[in-house]
Amino acid sequence: MAGRSTWWWRSAAGGLADRRGALLAAGATAVAALVTTAVAVTATWALTATTKDAPQAPPGGEHSAVSATSAAQPARLRIPTIEVDSVLVDVVREPDGTLEVPSDYEVAGWYAGGPSPGEVGGPPAVIAGHVDSSTGPAVFYRLHELKKGSTIAVTGIDGVVHTFAVYRMADYSKTAFPAAEVYAPTDRAELRLITCSGDFDRNQRSYTDNLVVYATLDGGAR
């Protein structure tokens, strides 16, 4: 009886050890799968973070035309419907012909080579911003939610607020960006907001398209 009991104990202990080993192996496999998934998600955001929202800049040199109605340099952008409230920094035309975008993903940039928002006559004023970053949504992440009639408020350094109304939105491929159309001169005070859109091309480390919001001065300055 003693021998049989010893044999049963050894067999049972061996079985428990085998089960414990199998459970540990399964647990390790599950943890490895979770880690792999987390790394993949993190890598996706990391790729996005290296992307610049770089649309084609307005053609020609610096803006030099004197408009019929001047406006002060812009200082702040507010878009209430999508909870945007950003100071504005100056951006310029890059040597490769693209528009510089702010280094801060939470801040929008005004193209200082063009007119100030609110100026009448000539090309439109242009404000650009990032759509996302390595940590999540950026300043223009919700820009696509705007609709015809949405309002955009730009405050100048003089405290004057120019309110614009959206009248058109369009997505353009970066390889066929219609600069002549987007930046066409007009006899009204116009504004363009630009960010990245479309699919994220992992090979090019860039979004495929640009979203352009067209807006015109609504009700003048106040």
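The values are calculated or read from the model by the stated rules, or taken from the named source; none is laboratory data. Since this is a predicted model, take the numbers as computed values, not measurements. All Cβ positions, even for glycine, are placed from backbone atoms using ideal geometry, and neighbour counts span all protein chains on display.
A few remarks follow.
- When the criteria are applied in full, residue 164 fails the requirement of being at pLDDT below 95, closer than 18 Å to residue 129 by Cα and among the hydrophobic types (A, V, I, L, M, F, W, C).
Matching residues to (1) among the β-branched types (Val, Ile, Thr); (2) touching a Leu at 6+ places or on another chain (Cβ under 8 Å); (3) under 21 Å from residue 96 (Cα atoms):
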position	(1), (2), (3)
122	no, no, no
127	yes, yes, yes
161	yes, no, no
181	no, no, yes
190	no, yes, no
203	no, no, yes
208	yes, no, yes
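- Residue 208 vs. criteria within 17 Å of the chain's Cα centre (by Cα) and crowded, with 20+ Cβ neighbours inside 10 Å: no
- Filter result for the condition that a residue is at positive phi, outside any strand (DSSP E or B) and of a type outside the set (Phe, Trp, Tyr), over 159, 198: 159
- Being in contact with a Pro (Cβ under 7 Å, 6 or more places away or on another chain), among the aliphatic types (A, V, I, L, M), surrounded by 15 or more Cβ atoms within 10 Å (Cβ to Cβ) and under 18 Å from residue 106 (Cβ atoms) holds for only one residue in 131, 126, 154, 139, and it is 154.
- Out of 146, 88, sole residue that is touching a strand residue (DSSP E or B) at 6+ places or on another chain (Cβ under 6 Å), touching a residue at least 12 places away in the same chain (Cβ under 8 Å) and surrounded by fewer than 23 Cβ atoms within 10 Å (Cβ to Cβ): 146
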